[in-house]
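The values are calculated or read from the model by the stated rules, or taken from the named source; none is laboratory data. Computed from a prediction, not measured in an experiment: that's the story for all the values here. Note: accessible area is taken over every heavy atom of the protein model, side chains too, but ligands, DNA and RNA are not part of it. Shrake-Rupley method; radii C 1.70, N 1.55, O 1.52, S 1.80 Å.
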Amino acid sequence: MTGDTILILDADQMRRALTRMAHEILERNGGARDLLLVGVRTRGVPLSQRLAGRLLSIEGTTVPVLELDAAPYRDDRPRRGPGPGPGAAAPIAPIAGGRLVLVDDVLYTGRTARAAIDALMQAGRPAAIQLAVLIDRGHRELPIRADYVGKNVPTARSEHISVRLHEIDGVDDVRLVRAPGG
């Protein structure tokens, strides 16, 4: 990806945003009891693990973290092989009746969140599903909104948000990437 890049969040700003989101999650849910964090692959997983660490340090309660691959449930990408069957990408844990916080790095069209919700509903009927995202860049195609947002970043459709996490990329930052000539 070439073009101009603008730093949106550095490592300290990302840490503060996740800490604020953890406090908001605890406030809205009256604590960490019965919460389950579900990280959407790829970058939602380490973000959910970071949130779980903050919830533990604030509340003293360990919040389980599950990993979810929503790709087989997407409706805007070609399928590889047969469609999702029962439990195809669903987490291997009891979610029925739980309060889930779905965690992803960027909320854009809403299609990944919808696919993740479909996968979760196939695995059981949670009491509630909330959505936490590090970046909300707008341009929704579906009526989905995040309950917890690290930062709202208005973008053009031609722009891209690049989230890099130390666990995957060796560095923590978020950048807005503008297309060449854009």
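Points to keep in mind about this one:
- Karplus-derived HN-Hα couplings along region 124-132 (A = 6.51, B = -1.76, C = 1.60, θ = phi - 60°), whole Hz, x at Gly and Pro: x, 10, x, 5, 7, 10, 10, 10, 10
- Residue by residue, region 8-24 carries 3J(HN,Hα) couplings of 9, 9, 8, 4, 5, 5, 5, 4, 5, 5, 5, 5, 4, 4, 4, 4, 5 Hz when phi is fed to the Karplus relation 6.51 cos²θ - 1.76 cosθ + 1.60 (θ = phi - 60°); x denotes Gly or Pro.
- With contacts taken as Cα pairs under 8 Å at a separation of at least 6 residues, the chain carries a relative contact order of 27 percent.
- Per residue, the accessible area of the chain comes to 51 Å², computed with a 1.4 Å probe over protein heavy atoms only.
- Accessible area of the chain belonging to carbon and sulfur atoms, whole % at 1.4 Å probe: 49 percent
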